[in-house]
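Have a look at the structure below, then the notes.
The values are calculated or read from the model by the stated rules, or taken from the named source; none is laboratory data. These numbers come from a predicted model, not from an experiment. Every residue, glycine as well, gets a Cβ built from its backbone with ideal geometry; the counts of neighbours run over all protein chains shown. Accessible surface areas use protein heavy atoms only, side chains included; no ligands, DNA or RNA. Shrake-Rupley method; radii C 1.70, N 1.55, O 1.52, S 1.80 Å.
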Amino acid sequence: MKDGKLIIFSAPSGAGKTTIVHHLLGQIPNLEFSISATTRAPRGDEEDGKDYYFISLAEFTHRIAKKQFVEFEEVYTGTFYGTLRAEIERIWAKGKTVIFDIDVEGGLHLKRKYDGQALAIFVQPPSLEVLKERLTGRGTDSPEKLLERFGKAEKELNYAPQFDIILKNYDLETACAEAKKLVTDFIAG
Ligand code: ADP
Ligand code: 5GP
């Protein structure tokens, strides 16, 4: 199988990467979302096999032992997320480009691993304060979970310069238009 390309969207939680990635998936037919495995429970209307592969900690651990992940992380205490090698290969086998919505360390990990094939984009919120407002406004996390995400976000904002591109997500429409141009040019190049 011929290796394809990868597009990585990373940012602290609440910056808007999921929103932008969903927009791109609706606009660019040659993209397919890399569905990560996670040990967290589904949220809202999330579906298994669409948003994530929701698996138990025992199964996640088993898959680590079998070396099935290209990267994985305990993103929040007790909650694991990872990218399965088979998922990337499944998408490349269709001749498509893989798009990721992944935390900052995982994104840098993939960028290093797939050097030369990957475009790594950091989604930058206007400020930490706005990020907190967005995350709170999303209404999906408990007060404890929100605090954990805020704490991690502050550190993650410092990783921005290590990415290929910093995409400002101030006005959503502008950010989506810029993202579309970046991704289209990268796929064509
Ligand atoms: P992430 O995937 O990075 O955690 P989301 O895409 O879930 O972030 O966005 C977090 C919240 O912020 C969502 O409620 C989303 O609708 C909102 N949002 C995203 N981008 C913007 C923006 N540019 N302006 C205002 N709200 C935004
Ligand atoms: P959420 O629980 O909000 O869906 O995701 C929490 C964080 O985990 C987000 O920053 C998300 O991008 C990240 N994440 C999702 N999938 C993966 C993955 O496969 N690997 C890593 N390292 N992080 C992931």
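Values for this structure:
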| item | result |
| --- | --- |
| Subset tally (residues that are surrounded by 16 or more Cβ atoms within 10 Å (Cβ to Cβ) and not aliphatic (A, V, I, L, M)) for the stretch 55-75 | 7 |
| Contacts under 8 angstrom Cβ, first residue in the stretch 110-139 being closer than 23 Å to Glu178 by Cβ and open to solvent by 40 Å² or more (accessible area, probe 1.4 Å), partner among the small types (Gly, Ala, Ser) and part of a strand (DSSP E or B), 6 or more apart | Lys111/Ala118; Lys111/Ala120 |
| Options Glu89, Glu59, Glu71: the member that is within 14 Å of ligand 2 (Cβ to nearest atom) and either under 16 Å from Phe163 (Cβ atoms) or not in a strand (DSSP E or B) (or both) | Glu71 |
| Any pair with Cβ under 6 angstrom, 6 or more apart, that starts in the stretch 33-61 at a residue that is without any contact (Cβ under 8 Å) to a residue 24 or more places away in the chain and ends at one that is open to solvent by 60 Å² or more (accessible area, probe 1.4 Å) | Phe54/Pro42; Phe54/Asp48 |
| Pair list, Cβ < 9 Å and 6+ apart or interchain, from the stretch 167-188 residues that are more than 16 Å from Val130 (Cα to Cα) and of a type in the set (Val, Ile, Thr) to residues that are open to solvent by 80 Å² or more (accessible area, probe 1.4 Å) and at pLDDT 95 or above | Thr174/Lys168; Val183/Gln27; Thr184/Gln27 |
| Index of the failed condition, Gln27 passing every other in (1) surrounded by fewer than 17 Cβ atoms within 10 Å (Cβ to Cβ); (2) out of contact with any helix residue (DSSP H, G or I) (no Cβ under 7 Å at 6 or more places or on another chain) | (2) |
| Qualifying residue in the stretch 96-103 (condition: outside any strand (DSSP E or B) and closer than 16 Å to Lys5 by Cα) | yes |
